[in-house]
1. Return a yes/no flag: does segment 78-94 have any residue that is of a type in the set (Asp, Glu) and closer than 30 Å to Ser272 by Cβ.
2. What pairs come up if the first residue lies in segment 99-120 and is among the acidic types (Asp, Glu), the second is surrounded by fewer than 14 Cβ atoms within 10 Å (Cβ to Cβ), and their beta carbons are under 8 Å apart, counting only those six or more places apart or on different chains?
3. Within segment 90-99, identify whether any single residue is polar (S, T, N, Q), in contact with a Phe, Trp or Tyr (Cβ under 6 Å, 6 or more places away or on another chain), surrounded by 15 or more Cβ atoms within 10 Å (Cβ to Cβ) and on the phi < 0 side of the Ramachandran plot, and answer yes or no.
4. Can you find even one residue in segment 43-51 that is farther than 24 Å from Arg218 by Cα, within 15 Å of the chain's Cα centre (by Cα), surrounded by fewer than 22 Cβ atoms within 10 Å (Cβ to Cβ) and β-branched (Val, Ile, Thr)?
5. What's the number of the only condition in (1) modelled with pLDDT of 90 or more; (2) not in a helix (DSSP H, G or I) that Lys125 fails to meet?
6. List pairs: first in segment 201-222 and closer than 16 Å to Asn185 by Cα, second among the acidic types (Asp, Glu) and surrounded by fewer than 16 Cβ atoms within 10 Å (Cβ to Cβ), Cβ under 6 Å, 6+ apart or cross-chain?
7. Name every residue in segment 79-113 that is touching an Asp or Glu at 6+ places or on another chain (Cβ under 9 Å) and among the small types (Gly, Ala, Ser), in order of residue number.
8. So Tyr214 clears everything in (1) at pLDDT below 95; (2) not in a helix (DSSP H, G or I) except one condition, right? Which one?
Amino acid sequence: MKSIKEITPIKSDDPFVILKHKNALFDYPLHFHNEYELTLITNFEGSRTVGDSVEQCEETDLTLLGPELKHLWKSDKVVSNSGVITIQFQEHFLHSKIMSYSVSKDIKKLLELSKRGISFSNPTKKLVSKKVQSIENNTDFKSLLTFLEILHILSTSKDIKVLSSPPSANYSQKRESRRISLITNYIINNYDQEIKLSKVAEMVNMSESAFSHYFKKRTSQSFTSYLMDYRLGVVTKLLTETNMSINEISISAGFNSLSNFNRSFKKKHGISPKEFKVNYHKEVQR
């Protein structure tokens, strides 16, 4: 499904820009932009699309999205007091001097993970919502401190959910370690084949247990979970961008049985592959 590129109002010397919309209509099409985006939506009834993730939202929705990650919100009905507060900040923030300090390591990890999109639940959502609503502008130094505090709270939160799979999120490994890059590239080139933990551990000269611990520490996911997410991301791209049959897609994504494929897909998305395809096109076109 086609998306449009949004040109944001942030200037080169802005630490961030704040956009506030009261009585939002949520009629903006599927889009992406070069900046990170923290979005707080209140009094909302509808769905959220982030990469290949399509979900019904709670009344209050808090998400952090990385650069070039396609997204949109669609309301089920017009709610007069729906509100949106968006904080956008530039991609080079991740590589700024402040991010090179050890105290910023959690924020740096958060921003890397946000390239797949992250949603937050309570109590983090409730705490951060108050702080987001308290920011008035991007010229006040106090606002900058509040912004950094928000990133710190989000980076240490356990109330997170990663939304999109690696392929659909344009997830980049350019700045990953050599070992992680080696493994992720191996997955990209071999996801349609059987991939064993013992094989990838051997590739980086580590025991299976040591590799499992290392991979989870660096990616916030187990290797098995990451591989499954990658394959399911391939599936959603094929479901939304091709006319291949469900069985053909299952085989192309490396699943060894159709029943295992359907079970894994439904566990992640809550619906069958066929239902996902229908719902996806319905959401982005209405």
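1. Checking segment 78-94: not a single residue is of a type in the set (Asp, Glu) and closer than 30 Å to Ser272 by Cβ.
2. Asp106/Thr156; Glu112/Arg175
3. Scanning segment 90-99, I find no residue that is polar (S, T, N, Q), in contact with a Phe, Trp or Tyr (Cβ under 6 Å, 6 or more places away or on another chain), surrounded by 15 or more Cβ atoms within 10 Å (Cβ to Cβ) and on the phi < 0 side of the Ramachandran plot, so the answer is no.
4. No.
5. Against the list (1) modelled with pLDDT of 90 or more; (2) not in a helix (DSSP H, G or I), Lys125 comes up short only on (2).
6. Every condition considered, the pairs that remain are Ala201/Glu208.
7. Within segment 79-113, just Ser82 meets the criteria.
8. Answer for Tyr214: the failing condition is (2).
The values are calculated or read from the model by the stated rules, or taken from the named source; none is laboratory data. Just so it is clear, the structure is predicted and the values come from calculations on it, not from any experiment. Note: ideal-geometry Cβ built from the backbone for every residue, glycine included; neighbour counts use all protein chains shown.
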